[in-house]
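Visitor: I'd like to ask some things about the structure below.
Readers should treat all values here as calculations from the given coordinates under stated rules, not as data from a laboratory. Keep in mind the model is a prediction, meaning the values are calculated, not measured. Quick reminder, even Gly has a Cβ in these numbers, built from the backbone with ideal geometry, and neighbours come from all protein chains shown.
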Amino acid sequence: MSCELCSSRHPREIWRDAMFYVIDAADADLPGFVRVIATRHVKEMADLTAAEKSRLFRILECIEKIMLEELAPDKVNWASLGNMVPHVHWHIIARWSDDAFFPGSVWSERLRVMPSDKYAERRRKAQDMLARLVRELEKLD
């Protein structure tokens, strides 16, 4: 079976260790969005070892903390679906009440268009957040 998440490095990868990697998943609607992806092919959270689960939650908590501090969003969403690609991965998404989909999920119908100047400002902050995130993830034990 070929799996796009474990067969090659993602071009927007920002950090990797032996168990997981993180990509910048931001787009024109969602400037603060990252994905955490298992490096080995595992379909369900139940398939992860205890060490992998522990590591994953340290990574997810680190991302959320830094997003809250650097971006000051109204909410941070965590989502793990795996319906399209059966490979453990988490979406961590900074949400604002004026984003394109709020209060719905980021996969729901777009409700508005964020002004380009507001998006640009948030994306600049998100770039700073990503740089800090890489530094902090390198420190995780």
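Visitor: Nearest 20 debye, what's the magnitude of the dipole of the chain about its Cα centre given +1 on Lys and Arg Cβ and -1 on Asp and Glu Cβ?
Guide: 120 debye
Visitor: Which residue fluctuates most in the GNM of the chain (Cα springs below 10 Å): LEU130, LEU111, LEU48?
Guide: Among LEU130, LEU111, LEU48, the largest mean-square fluctuation in the Gaussian network model of the chain belongs to LEU111.
Visitor: Please identify every one of the GluC sites (Glu not before Pro) in region 73-141 that sits in a loop by DSSP and has no more than 10 other beta carbons within 10 Å of its own beta carbon. Please report the intermediate quantities before stating the final value.
Guide: Details: sites: GLU109, GLU121, GLU136, GLU138; in loops: GLU109.
Hits after loop and neighbour filter: GLU109.
Visitor: Find, among the GluC sites (Glu not before Pro) in region 1-86, those assigned to loop by DSSP (not H, G, I, E, B) with at most 16 other beta-carbon atoms within 10 angstrom.
Guide: Filter output for region 1-86: GLU44.
Visitor: Moving on to the next point. For region 84-140 and region 31-53, what is the separation of their C-alpha centers, rounded to whole Å?
Guide: Here the answer is 19 Å between Cα centres.
Visitor: Who wins for biggest fluctuation among ILE14, ILE93, ILE37 in a Gaussian network model of the chain, springs between alpha carbons below 10 Å?
Guide: Greatest mean-square fluctuation among the candidates belongs to ILE14.
Visitor: As I understand it, the value is the acute angle between the Cα axis of helix 50-71 and the longest principal axis of the Cα atoms of the chain; what does it come to in degrees, rounded to 10?
Guide: For helix 50-71, the angle is close to 20 degrees.
Visitor: Okay, moving on. What 222 nm value per residue comes from the helices of the chain, counting each DSSP H run with n ≥ 4 as -39,500 (n - 2.57) and dividing by all residues, nearest 500 deg cm²/dmol?
Guide: -12000 deg cm²/dmol
Visitor: So which trypsin sites (Lys or Arg not before Pro) in region 54-115 end up in coil per DSSP with only 13 or fewer other C-beta atoms within 10 Å? Can you show the working numbers first?
Guide: On the way: sites: ARG55, ARG58, LYS65, LYS75, ARG95, ARG110, ARG112; in loops: ARG110, ARG112.
Filter output for region 54-115: ARG110, ARG112.
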